[in-house]
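The values are calculated or read from the model by the stated rules, or taken from the named source; none is laboratory data. Treat the numbers as computed from the prediction; the structure is a model and nothing was measured. All Cβ positions, even for glycine, are placed from backbone atoms using ideal geometry, and neighbour counts span all protein chains on display. Accessible surface areas use protein heavy atoms only, side chains included; no ligands, DNA or RNA. Shrake-Rupley method; radii C 1.70, N 1.55, O 1.52, S 1.80 Å.
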Amino acid sequence: MSVEALRCLKYVLAAAEIGSMRRVAQTFGVRESTISRSIGAIERQLDMQIFQRGHSGVQLTDQGRDWVESVRGHYLGLEEALSNTARRNAESNRLHIGLSAPFGREFLIRLVDRFEKACPDIEVTIQDGSCRKQANAIRRRSLDLAFMCGSCDMRACQSETIWQERIAA
């Protein structure tokens, strides 16, 4: 099952519980259209209508209620397994850093060196690659953080600008 499919399923379960796509969107910090498209994608894949949509929100159809009840336990089990794995990895004393910055590399290397001296129990690995590769690795959770140029698409990731550099030629 893909990450996107899991995300869509999460939205379906939340809409079933909350009864409103707008409130689900607010809960997850996404657009209402994202929730609607995600739920629609699952409905098309299943070839069934999960929700009856109306001005006051959404309600499960009979068929939708049966389906949601049959998958809820599986989803919760999978979510727990993923959380447990993430927790184990977080406790592993490893820090995986992606590096895709054409400028300022020396600064970043010094920063990592200082971190390693301050935290000798944490093993640091650095992966070099393109901005796109680093962003995908962050989304897959195979990197803990990445230093990239500002032109990279960072949807679904938390990002912070830490410096800006002018280039003169």
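Values as computed for the structure displayed
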quantity: Residue identified as β-branched (Val, Ile, Thr) and in a helix (DSSP H, G or I) among Val71, Val30; calculated: Val71
quantity: Among the candidates Glu123, Glu165, residue that is farther than 29 Å from Leu9 by Cα and modelled with pLDDT of 80 or more; calculated: Glu123
quantity: Residue check for Arg140: modelled with pLDDT of 70 or more, more than 27 Å from Val3 (Cβ to Cβ) and open to solvent by 100 Å² or more (accessible area, probe 1.4 Å); calculated: no
quantity: Close pairs from region 1-20: first touching a residue at least 40 places away in the same chain (Cβ under 8 Å), partner of a type in the set (S, T, N, Q) and open to solvent by less than 20 Å² (accessible area, probe 1.4 Å), Cβ under 9 Å, at least 6 apart; calculated: Leu9/Ser38; Lys10/Ser38; Val12/Ser38
quantity: Lone unmet requirement of (1) open to solvent by less than 100 Å² (accessible area, probe 1.4 Å); (2) at pLDDT 80 or above for Ala156; calculated: (2)
quantity: Looking only at region 103-128, and only at residues there that are in contact with a strand residue (DSSP E or B) (Cβ under 6 Å, 6 or more places away or on another chain) and not in a helix (DSSP H, G or I), the one that is least open to solvent (accessible area, probe 1.4 Å); calculated: Val124
quantity: Region 66-78, subset in contact (Cβ under 8 Å) with a residue 24 or more places away in the chain and open to solvent by 50 Å² or more (accessible area, probe 1.4 Å), residue farthest from Ala15 (Cα to Cα); calculated: Leu78
quantity: Matching residues, region 1-19, being open to solvent by 20 Å² or more (accessible area, probe 1.4 Å), over 13 Å from Leu60 (Cβ atoms) and either assigned to a helix (DSSP H, G or I) or hydroxyl-bearing (Ser, Thr, Tyr) (or both); calculated: Ser2, Val3, Glu4, Ala5, Leu6, Arg7, Lys10
quantity: Residue count for region 45-65, restricted to those that are open to solvent by 60 Å² or more (accessible area, probe 1.4 Å) and over 14 Å from Leu9 (Cβ atoms); calculated: 10
